[in-house]
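The values are calculated or read from the model by the stated rules, or taken from the named source; none is laboratory data. What you are looking at is a predicted structure, and each value in this text was computed from that prediction instead of being measured. Because the Cβ atoms are built from the backbone with ideal geometry, glycine has one as well, and the counts that use them run over all protein chains shown.
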Amino acid sequence: IAKERNYKNRNTINVSKAAMGDVYWLLIKDTVFWHMHEDEEIHYILDGSGFFDVREAPTDAWIRLAVEPGDLLVIPAGIYHRFTLDEQNYIKALRLFQDEPKWIPHNRSEATNVNPYRLTYLKTIGVGA
């Protein structure tokens, strides 16, 4: 999939208190908010488990996606989503990037509702076109 989508970079993230120390709580705190990215996200789950929640458009219903080792998840740019760990409090994933890793979260707001990447995503799925 990296070759298919012309992704040049990758890294492995190990989300656990043991691996991350105090940074763990900062990361966990930030991932519970609904947000979007201006870049597509690709995660390949290597170990552990958790949940990606995505917002369906146009109803705004949320859909929970349980992920575990062997799962590959592609999250489009502009979709509202969030991540939470399950009771194991641990996940290890390979993340793929088209260029240099950015992963800048844009928390859901009136501004993100009119963000060009959000509008492109909605148009792609036939909402508001």
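Beta carbons closer than 8 Å, at least 6 apart along the sequence or on distinct chains, pair a first residue in region 81-92 that is modelled with pLDDT under 95 and β-branched (Val, Ile, Thr) with a second that is in a strand (DSSP E or B) and surrounded by 14 or more Cβ atoms within 10 Å (Cβ to Cβ) for Thr84/Gly50; Thr84/Phe51; Thr84/Asp53.
The set of residues from region 55-67 being part of a strand (DSSP E or B) and either of a type in the set (Lys, Arg) or under 18 Å from Tyr117 (Cβ atoms) (or both) comprises Arg55, Arg64. Yes or no: Ala66 in contact with a Phe, Trp or Tyr (Cβ under 8 Å, 6 or more places away or on another chain), surrounded by 14 or more Cβ atoms within 10 Å (Cβ to Cβ), within 26 Å of Arg108 (Cβ to Cβ) and hydrophobic (A, V, I, L, M, F, W, C)? No; evaluated as a whole, the condition is false for this residue.
I'm checking my understanding of the structure. Among residues of region 24-48 that are within 16 Å of Ala93 (Cβ to Cβ) and more than 14 Å from the chain's Cα centre (by Cα), which one is modelled with the lowest pLDDT? If we take residues in region 24-48 being within 16 Å of Ala93 (Cβ to Cβ) and more than 14 Å from the chain's Cα centre (by Cα), then Tyr24 is modelled with the lowest pLDDT. Evaluating Ala2 against the criteria (1) outside any loop (DSSP other than H, G, I, E, B); (2) touching a residue at least 60 places away in the same chain (Cβ under 8 Å) leaves one unmet condition, (1). Met20 meets the conditions (1) closer than 21 Å to Tyr117 by Cβ; (2) surrounded by 14 or more Cβ atoms within 10 Å (Cβ to Cβ); (3) among the hydrophobic types (A, V, I, L, M, F, W, C) in every case but one. The failed one is (1). Exactly one residue out of Leu72, Leu85 is under 21 Å from Tyr24 (Cβ atoms) and either crowded, with 16+ Cβ neighbours inside 10 Å or within 13 Å of the chain's Cα centre (by Cα) (or both), and it is Leu85. Of all residues in region 24-44, those that are hydrophobic (A, V, I, L, M, F, W, C), touching a strand residue (DSSP E or B) at 6+ places or on another chain (Cβ under 9 Å) and under 14 Å from Thr84 (Cβ atoms) total 5. Taking each residue of region 56-76 that is closer than 15 Å to Ile91 by Cβ and looking for partners that are assigned to a loop (DSSP other than H, G, I, E, B) and of a type outside the set (D, E, K, R) with beta-carbon atoms closer than 6 Å, six or more apart or interchain, yields Glu68/Ser49.
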